[in-house]
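Asker: Before I ask anything, let me first share the structure, which is written out below as structure tokens.
The values are calculated or read from the model by the stated rules, or taken from the named source; none is laboratory data. Predicted, not measured: the structure shown is a model, and the values here were computed from it. We place every Cβ from the backbone using ideal geometry, glycine too, and count neighbours over all the protein chains shown. These area figures cover heavy atoms from the full protein model, side chains too; ligands, DNA and RNA do not enter into them. Shrake-Rupley method; radii C 1.70, N 1.55, O 1.52, S 1.80 Å.
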Amino acid sequence: MPRYKLTVEYDGTGLVGWQRQTNGLSVQEILETACERMCGSAVLVQGAGRTDAGVHAIGQTAHVDLPAPYPPDKIRGALNFHVRPHAVSVLAVEPAPAGFHARISATRRAYLYRILNRRAPPALERNHVWFLAVPLDAALMAEGARHLVGHHDFTSFRAAECQAPSPVKTLDRLEITRLGEEIRIVAEARSFLHHQVRNMVGTLKLVGSGQWQPDDVAAALAARARSAAGPTAPPEGLYLTAVGYEPLTRR
């Protein structure tokens, strides 16, 4: 069965996340239903990242094994037809290299978190940013973020239900910039713990608002206890922006 690599964009509003669940509609179910309508057979679509309910993606990667070969452009067109009316778009389709697996083969994941920091609430960006009216100091947030970059035990930033075998991860990048009324937080690593990015953002918000000092982030990290860090930022500000892979031999 030929395997295809998909690059997918979606609005997570109103969905239960990437993974199929019994309590609502997921991105995975939308794509699998579209594939079945296209080829007439039930298939499994496997993603690189299991985004939570309300989290968005502009560069999710997935793979699917189809019962017969199809031109990639025709797959893209057919899937985009069959996912309607849901806010899911297949941006690109290509034959997968030999041995490719969307999740296991991934060597880098990048996330963007968007905070709208102004007095007036959003109208057009509702459900796509974390709206905070309290003034935030992005420079102080960046100073606090530096304590998190590197190889650490991230227990303080790990969800209680996280299934990862170890809390130790290497955070390659955590960059904070302000663009007018918006604060953007970019995080990159090979992999992340469940809620790690949102818990880091919630902690850095405390620094930006003046409730914490930047060095308090280091103390929270060292405590290795979820209760020592800040709250979990809401899902609507988070985007999976890219998944990276080492070059593999193409079929």
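Asker: Return the equivalent ellipsoid semi-axes of the range 18-111 as a descending list in whole Å, where each equals the square root of 5 times an eigenvalue of the C-alpha gyration tensor.
Answerer: So the equivalent ellipsoid measures 19, 18, 12 Å along its semi-axes.
Asker: What does the convex hull of the Cα atoms come to per residue for the range 1-67, in Å³?
Answerer: Spelled out: Cα convex hull of the range 1-67, divided by residues, is 76 Å³.
Asker: Expressed in nm to one decimal, what extension gain is obtained for the pair Ile58 and Glu246 from 0.36 nm per residue of sequence separation less their Cα-Cα distance?
Answerer: Separation in residues times 0.36 nm, less the Cα-Cα distance, equals 65.7 nm.
Asker: Let's see if you can work this out: charge +1 on each Lys and Arg Cβ, -1 on each Asp and Glu Cβ, no other charges. What is the dipole magnitude of the range 105-223 about its Cα centre, in debye to the nearest 20?
Answerer: Taking the Cα centre of the range 105-223 as origin, the dipole is about 340 debye.
Asker: OK, next. So how exposed is His128, as accessible area in Å² (1.4 Å probe, rounded to 10)?
Answerer: 40 Å²
Asker: Further question on the same structure: Hey, any idea what Rg/Rh is for the range 118-251, computing Rh the Kirkwood way over Cα pairs?
Answerer: 0.99
Asker: Calculate, in nm to one decimal, what Ala219 and Ser89 gain on full extension: separation in residues at 0.36 nm each, minus their alpha carbon distance.
Answerer: 42.6 nm
Asker: Mind grabbing the accessible area of Arg37 for me, 1.4 Å probe, Å², rounded to tens?
Answerer: Ignoring ligands and nucleic acids, Arg37 comes out at about 150 Å².
Asker: To check my understanding: the extent here is largest minus smallest coordinate of the Cα atoms along each principal axis. What are those three numbers for the range 57-178, in Å, largest first?
Answerer: 54, 40, 26
Asker: Can you give me the relative contact order of the range 142-251 as a percent, contacts being Cα pairs under 8 Å and 6 or more apart?
Answerer: It comes to 31 percent, rounded to a whole number.
Asker: Taking all pairs of different Cα atoms in the chain, averaging 1/r and flipping that mean, what Kirkwood radius in angstroms comes out?
Answerer: Computed over Cα pairs of the chain, the Kirkwood hydrodynamic radius comes out at 19.1 Å.
Asker: Take the solvent-accessible surface of the protein heavy atoms, probe 1.4 Å, and return the percent of it on the chain that carbon and sulfur atoms account for.
Answerer: Using a 1.4 Å probe with all protein chains present, the chain comes out at 52 percent carbon and sulfur.
Asker: Roughly speaking, what is the stretch gain from Phe81 to Ala160, that is 0.36 nm per residue apart minus the C-alpha to C-alpha distance, in nm to one decimal?
Answerer: Roughly 24.6 nm would be gained on extension.
Asker: Please sort 52-64, 87-99 by packing, taking for each peptide the average over its residues of neighbouring beta carbons within 10 angstrom, highest first.
Answerer: By packing density, highest mean first, the sequence is 52-64, 87-99.
Asker: Would you please give the FRET efficiency between Ser227 and Val149, computed as 1/(1 + (r/R0)^6) with r the Cβ-Cβ distance and R0 = 30 Å, to the nearest 0.05?
Answerer: 0.85
Asker: Could you run the Karplus curve 6.51 cos²θ - 1.76 cosθ + 1.60 with θ = phi - 60° over the range 20-26 and give me ³J(HN,Hα) per residue in whole Hz, x for Gly and Pro?
Answerer: 4, 9, 7, 9, x, 8, 10
Asker: Could you report the range 1-155's accessible area per residue, 1.4 Å probe, as an integer in Å²?
Answerer: 46 Å²
Asker: Could you work out which residue, out of Gly17, Gly237, Gly40, moves most in a Gaussian network model of the chain, that is, has the largest mean-square fluctuation with Cα springs under 10 Å?
Answerer: Highest fluctuation of the listed residues: Gly40.
Asker: Also, I was wondering about something else. Please work out how much accessible surface Arg190 shows to a 1.4 Å probe, ignoring ligands, DNA and RNA, in Å² rounded to 10.
Answerer: 140 Å²
Asker: Additional query: 7 Å from Cα along Cα→Cβ at both Asp65 and Gln21: what's the point-to-point distance in nm?
Answerer: 2.8 nm
Asker: Same structure again: Could you state the principal axis extents of the C-alpha atoms in the range 29-81, from the largest down, to the nearest angstrom?
Answerer: Between the extreme Cα coordinates on each principal axis of the range 29-81 lie 32, 20, 18 Å.
Asker: Also: With springs connecting C-alpha atoms under 10 Å apart, model the chain as a Gaussian network and identify which of Ala34, Ala123, Ala187 has the largest mean-square fluctuation.
Answerer: Ala123
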